[in-house]
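K.L.:
One structure, as structure tokens, below. Some questions next.
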Amino acid sequence: MKNSINHQTEALRASLQNEGLDGYLVTNENSIFYFTGFLGGAKLLIPRQGENHLYVQGVNYEAAKQTAKNCMVELVKRKEKIDLKVAGDARSLKLKRIGFDSLDASAYLKLSKALKVVRLKALGKMVWELRKVKDETELKHMRKAAELTSVGVKTALETVRPGLREYEIAAEMEYAMRRLGSDGAAFDTIVASGVRSAFPHGGCTDRKIRKGDLAVIDVGAKYSHYRADMTRTMTVGKPSPKQRRIHETVKKAQEKAFQSIKAGVRACDVDKAARKLIGKEGYGEFFVHGLGHGIGLEVHEPPSLNPENKEALKAGNVVTMEPGVYVVDFGGVRIEDTVLVLEDGAERLTRAPYNLEVK
């Protein structure tokens with residue numbers, strides 16, 4: 001293990017000072033990875049001064065000793081003793097006010113009792129403010145995840161044909177990504193065909209693809225724990241005029257939103273750009289979700305692109321842009337890319353053809 005301080009810890013400690021806190025307790029597994037480079041820790045205590053303390057159980061202890069950085073690895077043999085160990089270290093470090101990201105009720109009560117006069121304060125936003133802006137190392141991993149995801153979608157475009165089952169297409173995509181270095185799927189792959197394409201989270205079944213079906217293909221790869229997310233919608237054979245019109249509407253809406261995005265623009269205004277176009281085409285009631293979401297170590301992170309989120313985007317945010325139109329008993333269309341926000345514009349990290357018709 002290495003006990004040097006990384007920039008993530010330095011940034012958090014600066015926030016602790018601004019909030020008048022002596023330390024911070026991290027419980028989210030991905031946030032623990034963000035600070036230590038180790039996935040599998042139970043909790044991480046970050047004091048404003050001194051070493052970070054990573055608490056692990058026996059099954060992860062040896063791996064943590066070899067992998068975790070910027071922390072002292074502490075073995076806790078019984079899960080129920082972790083909070084007591086955290087409390088003991090907090091008292092030894094003379095921490096009086098501790099922020100935390102998330103605690104269930106029982107853990108909060110146990111810690112509060114063990115800490116006695118130490119005050120606990122819920123401040124999950126503090127870590128998210130850091131995680132929302134990706135650094136160069138994170139972007140390197142996300143570019144690779146996006147490259148692998150693009151391979152998966154291109155594989156689907158080459159593979160899909162009448163008679164194949166949805167799960168067979170999903171298997172081909174995931175295999176193609178895996179054999180080129182993906183850690184695995186970023187989420188449960190979606191292949192939703194026919195009338196099922198009108199279900200935004202339609203999953204993947206044993207339904208056979210039929211000629212003329214709309215098929216929504218939504219897949220993501222993981223690379224070094226970072227994720228990408230991409231959707232294309234296609235028909236096998238010639239699309240109907242209505243299918244073509246909906247697809248063209250969604251495609252234009254995504255491009256409109258993409259042209260509007262840059263640092264300083266409000267998230268809700270990017271959503272509005274796509275939603276307004278879809279509404280003008282008469283499909284507003286069928287766009288039933290937000291335009292997109294942040295992505296990184298988790299597939300759904302802040303910032304969200306939706307009508308309610310008025311926060312200004314920052315350079316280094318990575319978000320999805322996925323407008324969709326879903327007509328029950330007919331079918332749905334969604335087009336999605338993973339996008340990096342820049343100071344003056346944006347960059348698509350995922351790339352694959354937008355063609356509706358697959359021969």
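The values are calculated or read from the model by the stated rules, or taken from the named source; none is laboratory data. Please read these numbers as outputs of a predicted model, since none were measured by experiment. So basically every Cβ, Gly included, is an ideal-geometry build from the backbone, and we count neighbours across all protein chains shown.
Okay, residues lined up against (1) at pLDDT below 95; (2) assigned to a helix (DSSP H, G or I); (3) closer than 30 Å to Gly20 by Cβ:
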{"position": "Gln66", "(1), (2), (3)": "no, yes, no"}
{"position": "Val73", "(1), (2), (3)": "no, no, yes"}
{"position": "Glu80", "(1), (2), (3)": "yes, yes, no"}
{"position": "Leu84", "(1), (2), (3)": "yes, yes, yes"}
{"position": "Ala87", "(1), (2), (3)": "yes, yes, yes"}
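K.L.:
Still on this model: State the number of residues belonging to segment 1-52 that are assigned to a helix (DSSP H, G or I), of a type in the set (Gly, Ala, Ser), in contact (Cβ under 8 Å) with a residue 60 or more places away in the chain and over 25 Å from His141 (Cα atoms). First the steps, then the outcome.
P.N.:
First, the residues of segment 1-52 that are assigned to a helix (DSSP H, G or I): 7-19, 29-36.
Next, from what is left, pick out any that are of a type in the set (Gly, Ala, Ser): 11, 14-15, 31.
Within this subset, residues satisfying the condition of being in contact (Cβ under 8 Å) with a residue 60 or more places away in the chain are 11, 15, 31.
Going one step further and asking which of them are over 25 Å from His141 (Cα atoms), we end up with 15.
Total meeting the criteria: 1.
K.L.:
Could you count how many residues in segment 304-344 are under 14 Å from Glu255 (Cα atoms) and in contact with a Phe, Trp or Tyr (Cβ under 9 Å, 6 or more places away or on another chain)?
P.N.:
7
K.L.:
Also, quick follow-up: Select, from Ala267, Ala221, Ala274, Ala253, the only residue that is closer than 20 Å to Leu148 by Cβ and not hydroxyl-bearing (Ser, Thr, Tyr). Reasoning before the result, please.
P.N.:
Details: Ala267 fails: closer than 20 Å to Leu148 by Cβ; Ala274 fails: closer than 20 Å to Leu148 by Cβ; Ala253 fails: closer than 20 Å to Leu148 by Cβ.
Among Ala267, Ala221, Ala274, Ala253, only Ala221 is closer than 20 Å to Leu148 by Cβ and not hydroxyl-bearing (Ser, Thr, Tyr).
K.L.:
Can you pull out the residues in segment 90-106 that are crowded, with 18+ Cβ neighbours inside 10 Å and in a helix (DSSP H, G or I)?
P.N.:
Once the filter is applied, which keeps residues that are crowded, with 18+ Cβ neighbours inside 10 Å and in a helix (DSSP H, G or I), segment 90-106 yields only Ala90.
K.L.:
Taking interchain pairs and intrachain pairs at least six residues apart, which have beta carbon atoms under 9 angstrom, with the first residue in segment 266-279 and touching a residue at least 12 places away in the same chain (Cβ under 8 Å) and the second among the polar types (S, T, N, Q) and in a helix (DSSP H, G or I)?
P.N.:
So the pair list comes out as Val270/Ser260; Lys272/Ser260; Ala273/Gln259; Ala273/Ser260; Ala274/Gln254; Ala274/Ser260; Leu277/Thr249; Ile278/Thr249.
K.L.:
Okay, moving on. Name every residue in segment 164-198 that is surrounded by fewer than 16 Cβ atoms within 10 Å (Cβ to Cβ), under 27 Å from Phe330 (Cβ atoms) and in contact with a strand residue (DSSP E or B) (Cβ under 6 Å, 6 or more places away or on another chain), in order of residue number.
P.N.:
Tyr167
K.L.:
Can you list the strands (runs of 3 or more DSSP E) lying wholly within segment 250-359 that have 3 or more residues being assigned by TED's automatic domain parsing to the domain that holds Met173 and surrounded by fewer than 19 Cβ atoms within 10 Å (Cβ to Cβ)?
P.N.:
On the way: elements: 292-294, 301-305, 318-321, 324-327, 331-334, 337-342, 345-348.
Filter on segment 250-359 gives 345-348.
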